[in-house]
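Peer 1: The structure that follows is given in the form of structure tokens.
The values are calculated or read from the model by the stated rules, or taken from the named source; none is laboratory data. Every value quoted in this text rests on a predicted model; they were computed, and no experiment measured them. In this analysis, Cβ positions are derived from the backbone assuming ideal geometry, glycine residues included, and neighbour counts consider all displayed protein chains. With ligands, DNA and RNA removed, areas are computed over all heavy atoms of the protein, side chains included. Shrake-Rupley method; radii C 1.70, N 1.55, O 1.52, S 1.80 Å.
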Amino acid sequence: MILMPALAVLGAAWGDSSATNEPEAKPVLVELTIGRVLRVNTNYNYVILQCGSLPSTAEEAKVCRGDAVVARLKISGSDRFPFVAADVIEGHPQEGDVVKQVMKKYARTPDDGR
């Protein structure tokens, strides 16, 4: 009986949202433009990107031309900022195409609809 209030206090101290009545963080998908296709090598099926923010190795990205997705990429390395190499998984990217990534962001929303 005495243990339950003590656990609630510990939960509040450790950031347990159920003990503090804070809303839970919900994942929200956000599409971010990370750069542009600088060079395309069709012989070896890779591209060089010029990026404003460096993606991690092995992440996937999509290539857009206007509103259409024209290719998918897998980031293979970033030796020299702002340039990144990426393998073409599918599609046909061209120089100047925009490269985007879908990232997961956590946002707190109130449960009562405020």
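Peer 1: So how far apart, in nm, are the two label points at Leu54 and Thr33 if each is 7 Å from Cα heading toward Cβ?
Peer 2: 2.3
Peer 1: Got a number for the accessible area of Tyr46? Probe 1.4 Å, square angstrom, nearest 10.
Peer 2: Roughly 80 Å² of Tyr46 is accessible to a 1.4 Å probe.
Peer 1: Determine the order of Lys100, Lys74 by accessible area, beginning with the largest, at a probe radius of 1.4 Å.
Peer 2: Ranking Lys100, Lys74 by accessible area, largest first, yields Lys74, Lys100.
Peer 1: What is the sum of charges around Val98, taking Lys and Arg as +1, Asp and Glu as -1, for the other residues whose C-beta is under 12 Å from the C-beta of Val98?
Peer 2: 0
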